[in-house]
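Trainee: Attaching a single structure in structure tokens format; questions to follow.
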Amino acid sequence: MCGIVGYTGYREAAEVCRLGLLRLEYRGYDSYGIATLSPSLSVYKHVGKISDSATSSNHLRGDTGIGHTRWATHGVPSEKNAHPHLDAKKKIAVVHNGIIENYAELRRGLEERGVVFASDTDTEVIPHLIAEHYTKNLFQAVESILPMLKGSYALLIITEGEDTLVAARNGSPLVLGVGDGEYVLGSDALPLLDYTRQAVYFEDGDTAEITRDGFTIHNKGVSVSRNITEIEWNADEAKKGGYQHYMLKEIFEQPEVFANTLSSIKSKSEAVDMIRNAHAITIVACGTSANASMIFSYLMEGICHIPTRVILASEFKYFPTMFTDLVIGVSQSGETADTLAALKLAKDRGSQTLAITNVLGSTITRVASLVLYTRAGPEMSVAATKSFTSQVAAFLQIVNLLSDYKLETELSEIKRYLPEILSTDLSKAVDLCKNATTLLYIGRGLFYPVALEGALKMKEISYIHAEGYAAGELKHGPFALLSPKTPVISTCVSNCVYPVMMSNLKEIKARNAPIIVIGKNCDKDLEDVADVCIPLPAVSEYGAVVLSSVILQLLAYQTAVSLGNDVDMPRNLAKSVTVE
Ligand code: F6R
């Protein structure tokens with residue numbers, strides 16, 4: 001939710017910021033803006049995506065600058081609400097990721113003191129407050145106003161007359177890239193990659209003063225030092241690499257990602273021991289990560305016999321008596337506000353905490369006692385695909401390591417068949433889906449979360465209403481929706497629930513709803529009941545979970561492309577949901 005970048009060094013700052021914002025555009029794409037010092041302050045703003053911008057910030061000169069790409073919270077997407085925000089004299093520029101919760105009160109006070117506001121944002125109070133406290137030292141002025149702000153922020157600030165870039169972090173991520181004679185800042189490490197792999201991850205309460213000659217960090221008024229970490233990702237991983245969309249590239253990376261995640265999880269690790277020793281586990285997660293976690297809960301209950309439940313992170317606080325000895329936060333980005341809050345709460349309630357995440361140095365890695373990385377590489381598409389598969393790979397490997405029932409054969413099968421599943425012909429299924437008003441995804445057992453995830457993928461990028469249901473629930477209400485315009489999509493493989501799934505599909509067919517079924521080699525029974533049958537190779541139930549999830553990702557992708565949608569940046573969404 002909003003991405004910020006900053007630069008000071010020997011290059012044109014506007015171009016470094018623009019390229020950095022392109023890398024961060026997955027965080028928000030309502031509008032963007034850049035400010036540079038040369039030595040006077042110049043500002044450029046644009047409503048809409050950076051990539052769609054007909055004009056550009058290239059005319060801005062100067063080797064120090066800041067930039068912002070926005071996901072609107074306070075105020076509609078418009079030029080006046082786009083960052084950077086300025087003080088009344090237009091000398092101080094601020095970009096902000098987060099929310100200033102007490103901005104209304106601060107704004108009233110400033111207005112009483114005669115300040116006229118130019119935007120509807122919460123952010124604009126910050127440059128005005130700094131201007132009130134500024135006496136020729138930007139860093140000191142920033143430090144003196146930060147205690148007035150309630151809420152979350154990552155801030156970058158510049159002012160005319162000083163070659164300094166000031167940064168501050170509280171609850172929103174901020175990374176400093178340390179280059180040779182230059183510094184690049186970003187909401188995550190992606191904008192840094194073209195310049196350096198050396199990164200400092202700021203802690204909450206940190207304020208930093210950065211010039212091209214060096215930087216200092218303070219926390220609670222005291223100078224502190226922070227470790228420099230080597231970023232594992234490289235710049236090429238964050239590029240489209242010849243694919244039409246990031247989403248397609250990331251879907252096609254899944255065979256490699258699945259294998260990488262499996263091999264990165266070792267039996268003798270503290271994280272695996274923590275799960276092994278738990279009597280009961282609660283998982284807190286949102287969206288796709290919650291769907292992947294549900295698969296884990298079925299595996300843990302069914303194979304390892306450890307009670308494991310998933311609570312949507314945003315709901316965790318409404319269960320005040322809930323306590324399990326281990327709470328796991330699962331988050332691709334490691335920055336999802338609800339997951340972080342739930343994990344902090346679990347810690348306060350005395351649970352042990354484990355984070356499962358993809359992003360090195362993300363906030364969740366500091367909140368939890370232990371971290372397990374899924375190592376999927378950078379995921380740029382707003383719709384999560386390879387991160388889901390890597391989470392499922394991690395869960396399957398954990399169960400494999402914990403249980404007497406070894407999954408080695410099943411895991412090898414998945415590795416073998418993942419590449420070939422990517423070329424499955426889905427044209428008939430796409431034709432049915434793109435003309436639908438509602439799509440119902442159904443599944444039982446492990447295939448219930450597969451249905452939830454399939455529906456989530458479809459709705460977020462195709463904008464077709466899609467819902468996932470436990471197949472047994474269909475008769476308890478959703479049956480009323482069935483019609484020739486509401487295709488039902490299901491994975492149906494020969495496991496213990498096959499007979500009852502077949503009965504469910506026949507009941508659906510009797511109500512004239514078209515059926516798309518993913519089944520092993522599409523046997524005669526499935527061919528009879530389904531309008532479209534998508535064949536799976538003869539793999540285990542666990543293999544079918546992974547392979548059918550990938551098929552459903554491709555189905556959503558191809559449907560959205562056929563409808564002409566912007567697959568990588570769906571309307572109203574942002575990848576990293578850093579506000580509650
Ligand atoms: C859907 C999607 C979201 C995220 C959710 C949690 O495709 O990407 O539902 O899964 O916002 O994000 P993380 O995993 O970063 O906590």
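Trainee: Whole number in Å², please: accessible area per residue of region 3-237, 1.4 Å probe, ligands, DNA and RNA not counted.
Mentor: It amounts to 38 Å² per residue over region 3-237.
Trainee: Over all alpha-carbon pairs in region 440-580, figure out the percentage whose distance exceeds 23 Å.
Mentor: Working: 3250 of 9870 pairs.
It works out to 33 percent of all Cα pairs.
Trainee: Still on this structure: Applying the Karplus parametrisation 6.51 cos²θ - 1.76 cosθ + 1.60 with θ = phi - 60° to the phi angles of region 112-120, what ³J(HN,Hα) value in whole Hz is obtained for each residue in order, glycine and proline being reported as x?
Mentor: In residue order, the calculated couplings are 4, 8, x, 7, 9, 8, 9, 9, 9 Hz.
Trainee: Apply the Karplus parameterisation 6.51 cos²θ - 1.76 cosθ + 1.60, with θ equal to phi minus 60°, to every residue of region 533-545 and state each ³J(HN,Hα) to the nearest whole Hz, in sequence, with x for glycine and proline.
Mentor: 10, 9, x, 10, x, 6, 10, 5, 4, 5, x, 5, 4
Trainee: Next question, about the same structure. Excluding residues on the same chain fewer than 8 positions from LYS136, give the lysines whose Cα lies under 17 Å from its Cα.
Mentor: LYS89, LYS90, LYS91
Trainee: Can you work out ³J(HN,Hα) from phi for every residue in region 138-144, in order, using Karplus 6.51 cos²θ - 1.76 cosθ + 1.60 and θ = phi - 60°, giving whole Hz and x for Gly and Pro?
Mentor: Per-residue couplings from phi come out as 4, 4, 5, 4, 5, 4, 6 Hz.
Trainee: Another one. Compute, for ARG511, the solvent-accessible surface of its heavy atoms (probe 1.4 Å) with the complete set of protein chains present, and express it in square angstrom to the nearest 10.
Mentor: For ARG511, solvent-accessible area is about 110 Å².
Trainee: Any idea what the dipole of region 365-410 comes to, in debye rounded to 20, about its Cα centre with Lys/Arg Cβ at +1 and Asp/Glu Cβ at -1?
Mentor: It comes to approximately 240 debye.
Trainee: May I ask you to rank LEU22, LEU190 by accessible area, largest first, using a 1.4 Å probe over the protein chains only?
Mentor: Values: LEU22 65, LEU190 5 Å².
Ranked list, largest accessible area first: LEU22, LEU190.
Trainee: If pairing requires two Cys Cβ atoms under 4.7 Å apart, which cysteines of the chain are left without a partner?
Mentor: CYS2, CYS17, CYS286, CYS304, CYS433, CYS492, CYS496
Trainee: What number comes out for the charge environment of LEU37, summing +1 per Lys or Arg and -1 per Asp or Glu over other residues with Cβ under 13 Å away?
Mentor: Result for the neighbourhood of LEU37: -1.
Trainee: Under the classification rounded if a/c is under 1.5, otherwise prolate if a/b is larger than b/c and oblate if not, where does region 345-422 fall, given a ≥ b ≥ c as square roots of the Cα gyration tensor eigenvalues?
Mentor: Judged from the Cα gyration tensor, region 345-422 comes out oblate (a/c at least 1.5, b/c at or above a/b).
Trainee: Rolling a 1.4 Å sphere over the protein heavy atoms, what is the accessible area per residue of region 422-580, to the nearest Å²?
Mentor: Computed with neighbouring chains in place, this is 37 Å² per residue.
Trainee: Moving to a separate point now. Please state the shape class of the chain: rounded when a/c is under 1.5, otherwise prolate if a/b exceeds b/c and oblate if not, all from the C-alpha gyration tensor.
Mentor: Prolate shape, in that a/c is at least 1.5 and a/b is the bigger ratio.
Trainee: Accessible area of the chain with a 1.4 Å probe: how many percent of it is carbon plus sulfur?
Mentor: 50
Trainee: What's the local net charge at THR363, with K and R +1, D and E -1, over the other residues with C-beta under 9 Å away?
Mentor: Working: positive: ARG366; negative: ASP204, GLU335.
With Lys, Arg at +1 and Asp, Glu at -1, the net is -1.
Trainee: Taking the Cβ of PRO378 as the centre, find all other residues whose Cβ is under 14 Å away and add up their charges (Lys, Arg: +1; Asp, Glu: -1). Write down the numbers at each step before the final one.
Mentor: Numbers: positive: ARG23, ARG27, ARG197, LYS239, LYS240, LYS249, ARG375, LYS386, LYS575; negative: GLU25, ASP188, ASP194, GLU232, ASP236, GLU237, GLU250, GLU253, GLU256, GLU335, GLU379, ASP568.
Charge balance in the 14 Å sphere: -3.
Trainee: I'd like the distance between the alpha-carbon centres of region 119-190 and region 510-534, rounded to an integer number of Å.
Mentor: Rounded to whole Å, the Cα centres lie 58 Å apart.
Trainee: Specify the inter-centroid distance of region 361-400 and region 1-44, based on alpha-carbon positions, in whole Å.
Mentor: Between the Cα centres of region 361-400 and region 1-44 lies a distance of 29 Å.
Trainee: Ignoring everything except DSSP H segments at least 4 long, calculate the 222 nm mean residue ellipticity for the chain; use -39,500 (n - 2.57) per segment, divide by total residues, nearest 500.
Mentor: The helix contribution divided over the chain gives -10000 deg cm²/dmol.
Trainee: May I ask what percent, to the nearest 5, of DSSP beta bridges between residues of the chain are antiparallel?
Mentor: 60
Trainee: Could you tell me whether region 79-202 comes out rounded, prolate or oblate from its Cα gyration tensor? Rule is a ≥ b ≥ c as square roots of the eigenvalues, rounded for a/c under 1.5, then prolate if a/b exceeds b/c, otherwise oblate.
Mentor: prolate
Trainee: Taking the Cβ-Cβ separation of HIS218 and ASP531 as r and a Förster radius of 56 Å, what is the calculated FRET efficiency to the nearest 0.05? Kindly include the intermediate steps, with their values, before the conclusion.
Mentor: Values: r = 65 Å, r/R0 = 1.16.
Computed FRET efficiency for HIS218 and ASP531 comes out at 0.30.
Trainee: Taking only protein heavy atoms into account and a 1.4 Å probe, give the accessible area per residue of region 240-406 in Å².
Mentor: It amounts to 35 Å² per residue over region 240-406.
The values are calculated or read from the model by the stated rules, or taken from the named source; none is laboratory data. The structure presented is a predicted model; accordingly, all values stated were derived computationally and were not measured. Backbone-built Cβ (ideal geometry, glycine too); neighbour counts: all protein chains shown. Surface areas here come from the heavy atoms of the whole protein model, side chains and all, with no ligands, DNA or RNA. Shrake-Rupley method; radii C 1.70, N 1.55, O 1.52, S 1.80 Å.
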